Amino acid sequence: MCNEEKSFDVRGLGIYGFFKKNGDLYKIYQPFIKDRKFIKIQDYLQGSEQLRGLDNLVITSSMKDGLALLSLGIHVDFVAPDSENTILSPEIIEQFKKQYKAICVILDRDTAGIKAMKEYQERYNLPFVYFQHEKDLADIVK
């Protein structure tokens, strides 16, 4: 049996890292790889380091959707869990309920997003919104 060294050129593949303020890598994004677009390195609540202490908080499906809210002139704090399959813990929600006057959930208008929004409503009595004609907030801005 022959030992072969295998390598490949990653230039041009569009591989991106998501980093915390302290420089720690928490997620890798590979937009051109269909079955492994995101690789989670460690748990991290996106947006948690950018909270400004405003009156209202929105739980979104992505940082992109949170930034879309801001671009529409909607001034809220926002966080985005790792995925719509990741429901925030009771401890995190209770902390947010102490900090904010109102919390709303806006996730994607797909099966996973609607299921997760209903879960937030049932578990934590949080209202949710989804848009009939677009999949997510970023699509509205686009």
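The values are calculated or read from the model by the stated rules, or taken from the named source; none is laboratory data. Quantities reported herein were computed from a predicted structural model and do not represent experimental measurements. Neighbour counts are summed over all protein chains in view; Cβ atoms, including those assigned to glycine, are modelled from backbone coordinates with ideal geometry. Just the protein is used for accessible areas: all its heavy atoms, side chains included, with ligands, DNA and RNA removed. Shrake-Rupley method; radii C 1.70, N 1.55, O 1.52, S 1.80 Å.
Side notes on the structure shown:
- Relative contact order %, the chain, counting alpha carbon pairs below 8 Å whose residues are six or more apart: 18 percent
- Fully extending the segment from Ser48 to His75 would add 8.2 nm, taking 0.36 nm per residue of separation and subtracting the current Cα-Cα distance.
- Links that overshoot a 23 Å alpha carbon limit, given the list Lys27/Lys101; Lys37/Lys118; Lys64/Lys98; Lys20/Lys142; Lys97/Lys142; Lys64/Lys115: Lys27/Lys101; Lys37/Lys118; Lys64/Lys98; Lys20/Lys142; Lys97/Lys142
- Compared with the alpha-carbon gap, the fully stretched path from Lys40 to Ser83 is longer by 14.5 nm at 0.36 nm per residue.
- Correct choice for Rg and Dmax of the Cα atoms in Å that was computed from the model, options (i) 17.6, 67; (ii) 14.9, 48; (iii) 16.4, 54: (i)
- Placing a pseudo-label 7 Å from each Cα along the Cα-to-Cβ vector at Ile114 and Lys101 gives an inter-label distance of 3.2 nm.
- Computed over protein heavy atoms with a 1.4 Å probe, the accessible surface of region 28-102 works out to 59 Å² per residue.
- Loop-located chymotrypsin sites (Phe, Trp or Tyr not before Pro) in region 30-114 whose Cβ has at most 13 other Cβ within 10 Å (DSSP): Phe32
- Most mobile listed residue (Glu91, Glu119, Glu49) in the chain, GNM with C-alpha springs under 10 Å: Glu91
- Ellipticity estimate at 222 nm from DSSP helix runs (n ≥ 4, -39,500 (n - 2.57)) divided over the chain, nearest 500: -7500 deg cm²/dmol
- Within the accessible surface of region 44-93, defined with a 1.4 Å probe on protein heavy atoms only, the carbon and sulfur portion equals 58 percent.
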